[in-house]
Structure formats: structure tokens, C-alpha cells
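**Q** Sending over a structure as C-alpha cells; questions will come in a sec.
Every number in this text was worked out from the coordinates using simple rules, so none of it is lab data. Nothing here was measured: the structure is a model prediction, and the numbers come from that model. Every residue, glycine among them, receives a Cβ derived from its backbone with ideal geometry; neighbour counts consider all protein chains shown.
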């Protein structure tokens, strides 16, 4: 069994240092603009910050993967090319991309730098992945969180590149890279602007009884009674009404986080090269706990032991965790 | 005023009455033990020193605030009898305590238990996790709060330790007592 | 080139009889140029209508319509992969591709790009034209100013462009079936509950505001896109094809309204009135086109 690469989120330079110190094999990050899919206020890196951070990461033998994984709208492609050129100059170890035009630009202009296919490209079949490998020499694909472990194993047998899978964090069933729910409500696009439920459009309204209403733009997306755990203020995690269902319900998915700690040995045996922790929008406290826990678990498996991860539940959305699609198909 | 008194005032705790395992729930019968020394005006110069110190040590954090450096944040430690008003404008820093009944005008309000807020500022606890558990409430301009959170989270090391250091060994002792209390509370 | 009116694939789960009636009327009565056939949302629905495709395609062709087959938008299972591979062997009809799986099979062939594929910029367009793409149906969330750039590039490259101008807008695809979920089921034992909602299942907020529409694994807008007021500008940009998404309303009437508006034989105000008279049970929206929240209606009162 090969030692898998632990790929960890870095929303800020401090979070990146925390991840490196906690034992990340690789960190992923983005610039402070629409070129990456976590274009949130106050998050991400300026060019000088990335320069310093890459030097520190490399000194700790940690790779830096730059997410340039949104879809540039026509007429604005230059911003993405600049991000790529800066990343190349700074010496990032790979680009994570979703857009065909961006992939082509990197393939032609920076062929020496590895290309990883972002989950935002929504490549879920061997054929789709082989297309990107054939056209752009993609070295690794980040798989959507919708495949079972046996399906991942089959995938590994059929494709000519490495596999990276999510093991912890946000559990989304919406096909990434194909969602314009946020744009429908706020006028900002997940694909083109890199935002999802932009904070500027989110409002929390608490009543005297302690109930909290969450609004996105002019629409109510959920209402939590005072003793209920909450989730992210995204449309896909809200509760709604429909005639076919009795009362408000989580029409898309419940606030819940993915935690695959007990499936790690199976994933590693299935041929997964890299294990990804979601959460560039999370704090360095989160990065520290989750990365350290998974560092220990992976090392323990490599030494022939059992993965043991406890104490991460508090960090999960809705304070609930799942093995999601990786275990079975009954969630569909 | 001694360092001890200043630091106790800064964290809103009077050590002389401290229970060995301080209760930090708002409904706690020991709430009285968490009262800061009145009057509030004694707190104001300390707050000014804290905010200036943090800003001096971490000049880069202001970039993450974007347009929200002029926003007025109310920080509401719900189990204490006062709130803080913060305006993180590097040219005109402002941190001041107000009685809750005199709640000042503000753009956003962040409410939680005092120790949770302290750990949040310090990067010791994840804000999203507190939010999921309903231990943290945000009202007003959500984007401004997210920016402030990200700005503080990018500060390496511990703001609370920096502040504690301002008050010498006594400050450090008090902070570790607080942290132990929090740990006990979390593991219970 | 005269602007062309197209009928998108039927997104919802209509019965075979409903579909046959619909296409018969389109073939005989609707002033449309291109009709896209095929199930693009859920592979489980395909067996119901597969045997009718030959007959429908032939009838539409006889009615003077060009027939194009659309591929599945979400491909995961072996069965779905085989379906896509099969379509890519098709020789008698053009193919509209909705997932990158198809691109693997279509090396060296020509094809159309569907609106559920992510073509957002001129570089991606140029690349795909080099690989055989001849026509681009653009994502409905794209603002007009970006579409203008793409339309200009398409003209240079000698390919055509299409924009949805009527019907609910596709907003998201999922791995999970939300129709089944609403009925307490999962996709594997869904019993085709989606058939109950021929224009999709309404999803409203807890305070009873109309919000979204569910169609199996797809989430659509509650509002209907209506770009009648923007057609003139779109024609100026050089958009060649105008897409109508089929609903249970009188689509022949809808096609006539848009044809007349495109030709300028009926004014925008009158066309707007005609469309309102169809009593569509949802508001209109055009926010995406104007770079605003998609659900919004930006008033386009013409100045002339």
C-alpha cells in the first residue's frame, strides 16, 4: 500500500502554517479573487502572502496546490491567466482547474507544472476523466463525493491518473461546478465569481424565543428553533415546503459533514493517491484538529494499526457526520 | 492600580471570588462572581491598551477586513453585564465597554459566552463549529463579521496570551486558569 | 442567417402519450427550426420513450424541423455510460453533448455543446471548436455582456450560438433525486413520482414564498425565463438560435409569440401581453441576462 498524500485546506497564511506544522503532505489555497471557488470575504492569499507561504511550506516539505478552479466569464479570462502565471512564478506544485480554457492555457504555457482536475469540473466517469487526461495531461482528478469505495476502485483501474477523494468536511450532493442557485438569488455566481451564499446577502434574525431565521437575499432558507443545531446558510442546506411532504423538511440535504476515518484503509487499498480535507473557509483551530487527527490515523494505518479518530464531531456541520455516498447508494 | 486588578478587569473576572471551577453559563448561579469591577470607566483605558497592542503586533490583519474596517462591531459576552464596541479602523482604533442597556449603534453583533469568544479571538476554537452548535449568534452585517473572523484567524500565536503578557505573570496565570476551566467544561 | 427557434429536450417526466402529442403538434404547427430530443435528466426515465424516437424524429423531419439528440447531463452508472457511448455512435442525427463523458467518445467528430455543459468563455469555446464543436447552447446564468463576447467569437470561428429565452431555468444538478426524497423514497425505488409534476414540483420557503422547482435530480427556477424584451439586443450580438424549454402551456402559441417578436412583426409590448395571456402560473424573470439575481424581473419597457 502506498502512503497517501494528506491534502489540507489553507484559507489564510496562518492556516497554511498550521496545516504544515500539523503534518499536511500538501496544502491547497487560492488568491483573493474570483479565480478560486472559495472567494469569500477576508479569506485567501495576496501574491506576497503566497510567496512567503510557499517558501515556508516547501521548507517543511509540504506541497502547495493552487486552486484556479472557477469558470472565467467571457471577456475576463485575463484575471485567470494572471493567477496561473503568478502561481507558476512563485513555484506552486500544481494547479487545480475546472475550466477547459484555463486547463488549455496551463497545458500550453506551463507544461512543467502538474495539473489537477478540480471537483468543480464534475468529471464523474472514466470517460470524462480520460478526456481531460488526453487533452491536457491531467495528473490527478479530485472525485466528486458521490462514489462508493468499490466504484472508486473500478475508477482507479480505468483511468490513467491519480485519484484524490474528500475524507472530511462539507458533504455536498449537488454536482459541483453545475450549481447556479446562489446566482439565482444573489446575482453572484458560484461558477464565475467563486461564491456560495455570499455573506453580504446572508442575514440571521433571532426572535425573543431564541429561534433563528436564516435569510439569503429576500428568501428564508431555514428557521432553527432554539435547541436545534445549525448548518451553513446555503440554499442546499435549507428547509422548505412542498405539497408532497408534511411540513418543512430538508429538501436537498441535512446539515451534516463527511467523516471517512473508518473507511481510510479501504480508500487506500482502492488506490486513492490523495486524501482531501475540505474547509478553506474554516479557522486554523479546525485545520489544526482535523489535520493532526488524520495525520495520526494515516500514519497508524501505514504502520499496520487501526485508524482512530474521535473528537471531530464538534467541528461538523449540524454536529452530525456521515460516510455519505462512500458506503452505499441508499442516500440517492 | 496593580497589574492583577487590571487584568481581572480586562477579562471581567474578579479572582478573589473565583470558584476553582468557574461556571460560565449565563444561567449560572455564580454569575455574580463574573461581574467586572464597577464602574466601567476603569475598564476603558485597559481596553484601549489591548486594542493598540494587538494592532501594533499584527498590522497585516487589517487587509482582510476589506471595506469593513470602519464597521462598528458589538461583541456581546452574554454572561457578562457589559458589551464591547469594536471599530477596527487602523487609523482610529476603538474598543470600549458599554452597559448592555446602553447598547450603542452598531453594524453587526456577535454574541456568545465570554470564554468561547475569548477562544475564538485566539484561534483556539472554530467559529463555524460554535455557530453549528448555536453557541454563537451573529446579527447585522454578516459579511463584516466573516471578515473580522478571518482577519483575527490569520493572526499567528495567541492574542489572549499577548494580552495576558501585558499583565505579567499574574496575567498568564489567570489566562491558564481560564483555559483550564474551559477545557473542563468541554470535556464534561 | 435568419434567427432560428429551437425546442429544448423535455426536461420533465411526461407520459409517452403526452410526449407524442406534444411532438406531433410541434411538427405540424410550431414555427420552430430545431427540436432537441432525448432524456437529459434521469436515465431511469429513458425506457418509457425510447421506442418512439424513430417515429418522432421522422415526423419532425417531415414537418421541416431539424432533429438533434441530446445526451444525459449526469452520467455515473455503467448503464448511463453505455447510453452516452451509444448516442456518440449516432450517424443520422446531430448530437448535443451535456456531459464531458461524451467528449471522450467524440474525438474527430462534430457535435453541439448543450447548455448544461460549462462553456463560459472564448478560450473554452475556441478549444472545443478545434475539437469538433459546431454550436453552443450557453448556460442560462450567463449575463448578456459575457454572451456578447462569446457570440462575437463564435462568428469569427464560424459556429453558432443559442440562448434559452423561455421556460424554467436549470439551476443545479445533484447526485440525489429530490423528487423521490420529498416522497420519502430514494432514487432506486422512486416509483417515478416525478410524473405527478409535469412542470416540476414546487419548493416554497417556510414562510410560504414561492422559491424553486424540483425535477428529479434537477433544481430549476420557480420563475419562467422570458427574454422577449431582450431579443433585439441578442440579435444585434449575433445570437443565432433561441431556445424554448417545453412546459405544459401551449408551446405552439409560445413559439409563435417568439417567432413574431424575433421577426419584428409584433411589438415587444404586444408579445409580452400575448405571453401573459397564456396564464403561466409563475412570474417571469430575466435577471441573469442583466447580471442581476436570476429570479428578478428587470423591466425592459422599450423606448420606441
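**Q** Assuming R0 = 30 Å, what is the FRET efficiency of residue C:1 and residue C:29, from their Cβ-Cβ distance, to the nearest 0.05?
**A** After rounding, the FRET efficiency stands at 0.80.
**Q** So how long is each side of segment A:191-250 along the principal axes, counting just the alpha-carbon atoms, biggest first, in Å?
**A** 36, 32, 20
**Q** How large is the Kirkwood hydrodynamic radius of segment A:169-221, in angstrom, based on all distinct alpha carbon pairs?
**A** Final number for the Kirkwood radius of segment A:169-221 is 12.3 Å.
**Q** Taking the Cα atoms of chain C alone, what are Rg (to one decimal) and Dmax (as a whole number) in Å?
**A** That works out to 18.4, 56 Å for Rg and Dmax.
**Q** Would you mind giving the mean number of other chain beta-carbons within 10 Å of the Cβ of each residue in C:206-219, as a whole number?
**A** 5
**Q** Among DSSP beta bridges lying fully in chain A, give the percent that are antiparallel, nearest 5.
**A** Given both bridge residues lie in chain A, the antiparallel proportion sits at roughly 35 percent.
**Q** In 5 Å bins starting at 0, how do the alpha-carbon pair distances of segment A:108-148 split up by percent?
**A** 6, 25, 32, 21, 11, 3, 2, 0
**Q** Using only alpha-carbon positions, what ratio does the radius of gyration of segment C:152-304 give when scaled by 2.2 N^0.38 Å?
**A** For segment C:152-304, the normalised Cα radius of gyration comes out at 1.17.
**Q** Can you tell me which of A:153, A:276, A:52 moves the most in a GNM of chain A? Springs connect C-alpha atoms under 10 Å apart.
**A** In this elastic network of chain A, the residue with the biggest mean-square fluctuation among A:153, A:276, A:52 is A:52.
**Q** Another question about this same structure. Enter the Cα centre distance for the pair segment A:1-50 and segment B:51-81, rounded to the nearest angstrom.
**A** Centre-to-centre distance over Cα atoms comes out at 24 Å.
**Q** Pull up the DSSP beta bridges for chain C and report the antiparallel fraction as a percent, rounded to 5.
**A** Working: 14 of 40 bridges.
Approximately 35 percent, going by the DSSP bridge assignments.
**Q** What is the antiparallel percent of DSSP beta bridges lying wholly in the protein assembly as shown, to the nearest 5?
**A** 45
**Q** Need the C-alpha centroid separation for segment B:130-188 versus segment C:38-60, integer Å.
**A** Segment B:130-188 and segment C:38-60 have Cα centres spaced 60 Å from each other.
**Q** How high is the FRET efficiency from residue A:229 to residue C:189, r the C-beta distance, R0 41 Å, rounded to 0.05?
**A** 0.90
**Q** Under the √(5λ) rule applied to the eigenvalues of the Cα gyration tensor, what semi-axes describe the equivalent ellipsoid of the protein assembly as shown? Give them in Å, descending.
**A** 50, 29, 25
**Q** Continuing with the same structure: Where does each of C:14, C:297 land when they are ranked from fewest to most other beta-carbon atoms within 10 angstrom?
**A** Least crowded to most crowded, the residues run C:297, C:14.
**Q** Cα centroids of segment A:110-162 and segment A:193-261: how far apart, whole angstrom?
**A** Taking the Cα centre of segment A:193-261 as reference, the centre of segment A:110-162 is 32 Å away.
**Q** Principal axes first, then extents: for the Cα atoms of segment B:59-188, list largest minus smallest coordinate on each axis, whole Å, largest first.
**A** Result for segment B:59-188: principal-axis Cα extents of 37, 31, 28 Å.
**Q** Mind giving me the FRET efficiency for residue B:101 and residue C:297? R0 is 45 Å, r the Cβ-Cβ distance, nearest 0.05 is fine.
**A** 0.50
**Q** Continuing with this model, one more query. Do the sum for the protein assembly as shown: with -39,500 (n - 2.57) for every DSSP H run of n ≥ 4, divided by all residues, what is the mean residue ellipticity at 222 nm, to the nearest 500 deg cm²/dmol? It would help to have the intermediate numbers written out before the result.
**A** Numbers: 28 runs with 280 residues, N = 824.
Estimated from H runs of four or more residues: -10000 deg cm²/dmol.
**Q** Normalised by the empirical 2.2 N^0.38 Å for globular proteins, what value does the Cα Rg of chain A take?
**A** Against the compact-globule rule of thumb, the ratio is 0.98.
**Q** Here is a follow-up. For the pair residue A:254 and residue C:236, how long in nm is the line joining their label points, each one 7 Å along Cα→Cβ?
**A** Taking the simple label geometry, residue A:254 and residue C:236 are separated by 5.4 nm.
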